[in-house]
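Undergrad: Before anything else, here's the structure in question.
Nothing in this text is a laboratory measurement; each read-out follows from the coordinates by a stated rule. Worth saying up front: this structure is predicted, and the values here are computed from it rather than measured. Here the Cβ positions follow ideal geometry from the backbone for every residue, glycine too, while neighbour counts run over all protein chains shown.
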Amino acid sequence: MKHIAIGILGTAALGLMASAASASTLADVKAKGFVQCGVSTGLAGFSAPDDKGDWKGLDADFCRAVAAAVFGDGTKVKFTPLSADVRFTALQSGEVDVLSRNTTWTINRDTALGLNFAGVTYYDGQGFMINAKKLPGVNSALQLSGAAVCVQTGTTTELNLADYFKANKMEYNPVVFKSLEETNAAYDAGRCDVYTTDQSGLYGIRLTLGSPADHVVLPEIISKEPLGPAVRQGDDQWYHIVKWTYFALLDAEELGITQANVDEMKNSTNPEIKRVLGQEADTKIGTDLGVSNDWVVNIVKAVGNYGELFERNVGSGSPLKIARGINALWTKGGLQYAPPIR
């Protein structure tokens, strides 16, 4: 799901970005009246249309949070489904304003592709899924030597797969496909023994298979996959808005500000809560960012805090039932940590 940067694409990216970032993204977004958000073509829990065509998932809700920060209205967003091979070009060219599409933050994407990642909305890692009925007794990736492995081509997933098998002196037969849909269909049809991608993605893909209960996600995590939203370089104001939207979601959770109590919390006497919610006298907490001073209130009203976002889309309130794990707040033993809004 995560494409490597190709040298020629990286070179072209700089020219595209220079043009796309020459004007203020915020001004453009306000002029058209919505945030154009690049998402996946359909990954359960992160960004996928429901039976009514409404986009659901953690990545989709992050887009709504950005819209709420800018407009005070989380519905002022339009979604552009992007395959892995065109997602970066769509961002570089200005086709989308923000890419929120289960995309891994890497040095190559920061440099050769000229992107700015706003944070890590989901700490992930690459894993493996097997059909336990076809591979009885297999409970570790180290037992997969000689297996046929379904993988999306041109991705960091493909590179990590090669590294893992080489490092463990195992052989494998890669069965590669260009699109997520092709890869899913091939695995479900039994054209390969193993499916590899981000572990969170495996849980979502499993739900779409013909017999989900037959399939097991193995315990090994073979890579670091910090997934998060990205914007074009060259527009610091827009980068700050997207970045601080992410931080606001975390700070709200840490302070106990929820979708249900945010209006009540505006009356809090706690100095930090008053500051975050824009209730301090003469505050410029939002206007200095380019939005209204109640931007955090608007974000939480639209989508809740980070914890609510997580549990609703991929956690206990979702079919995926993924534990918070390292995506818990730093105060709960996780990696999610935000600078103070002050």
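Undergrad: Calculate how steeply helix 236-254 sits against the longest principal axis of the alpha-carbon atoms of the chain, using the helix alpha-carbon long axis, and give the answer as 0 to 90 degrees to the nearest 10.
TA: 80
Undergrad: Tell me the net charge near P136. Cut-off is 13 Å between Cβ atoms, P136 excluded, with +1 for each Lys or Arg and -1 for each Asp or Glu. Walk me through the intermediate numbers first.
TA: Numbers: positive: K133, K134; negative: D193, D214.
In short, 0.
Undergrad: Only loop residues by DSSP count here, and only those with at most 15 other Cβ atoms within 10 Å; note down the trypsin sites (Lys or Arg not before Pro) in segment 269-316 that meet that.
TA: Numbers: sites: K274, R275, K284, K301, R312; in loops: K284.
Answer in residue order: K284.
Undergrad: Right, next: Pairs K266/K332; K134/K332; K266/K321; K52/K134: which exceed 29 Å Cα-Cα? Could the numbers behind the result be given before it?
TA: Values: K266/K332 25 Å; K134/K332 39 Å; K266/K321 32 Å; K52/K134 36 Å.
Beyond 29 Å: K134/K332; K266/K321; K52/K134.
Undergrad: Continuing with the same structure: For the pairs K56/K224; K243/K284; K224/K301; K78/K274, note any where the Cα-Cα span goes beyond 23 Å. Working shown, then result.
TA: Working: K56/K224 25 Å; K243/K284 17 Å; K224/K301 32 Å; K78/K274 32 Å.
Where the Cα-Cα span goes over 23 Å, the pairs concerned are K56/K224; K224/K301; K78/K274.
Undergrad: Counting DSSP beta bridges with both partners in segment 123-216, what percentage is antiparallel, nearest 5? Walk me through the intermediate numbers first.
TA: Numbers: 7 of 15 bridges.
Taking every DSSP beta bridge within segment 123-216, about 45 percent pair in antiparallel fashion.
Undergrad: Let me ask another. Hey, rough spin-label estimate for K166 and E95, points 7 angstrom out along Cα→Cβ, what's it come to in nanometres?
TA: Placing both labels 7 Å along Cα→Cβ, they lie 3.2 nm apart.
Undergrad: Can you tell me the 0 to 90 degree angle between the C-alpha axis of helix 199-208 and the longest principal axis of the chain, rounded to 10?
TA: Between the helix axis and the principal axis of the chain, the angle is about 70 degrees.
Undergrad: Something else now. Nearest-5 percent of antiparallel DSSP beta bridges in the chain?
TA: Numbers: 20 of 36 bridges.
Of the beta bridges lying entirely in the chain, close to 55 percent run antiparallel.
Undergrad: Shape verdict for segment 29-134, please, from the Cα gyration tensor: rounded (a/c under 1.5), prolate (a/b greater than b/c) or oblate. Numbers along the way, then the final one.
TA: On the way: a/c = 2.00, a/b = 1.30, b/c = 1.54.
Oblate shape, in that a/c is at least 1.5 and b/c is the bigger or equal ratio.
Undergrad: Within segment 291-339, report the chymotrypsin sites (Phe, Trp or Tyr not before Pro) that DSSP leaves as loop and that have at most 14 other Cβ atoms within 10 Å.
TA: Working: sites: W295, Y306, F310, W330, Y337; in loops: Y337.
Here the sparse-neighbourhood loop sites are Y337.
Undergrad: Next up: Given an 8 Å cut-off on Cα distances and at least 6 residues of separation, report the relative contact order of segment 98-211 as a percent. Don't jump to the answer; show the numbers that get you there.
TA: Working: 125 pairs, mean separation 37.2, N = 114.
Over segment 98-211, the number comes to 33 percent.
Undergrad: Follow-up question, since we're still on this one. Taking the Cα centre of the chain as origin and charging only Cβ (+1 Lys, Arg; -1 Asp, Glu), how large is the dipole, in debye to the nearest 20? It would help to have the intermediate numbers written out before the result.
TA: Working: 31 positive and 37 negative charges, 47 e Å.
I would put it at about 220 debye.
Undergrad: Going by a ≥ b ≥ c, the root eigenvalues of the Cα gyration tensor, does the chain fall in the rounded group (a/c under 1.5), the prolate group (a/b larger than b/c) or the oblate group?
TA: Working: a/c = 2.16, a/b = 1.55, b/c = 1.39.
Here the chain falls in the prolate category.
Undergrad: What is the Cα centroid distance between segment 221-285 and segment 22-67, reported in whole angstrom?
TA: 18
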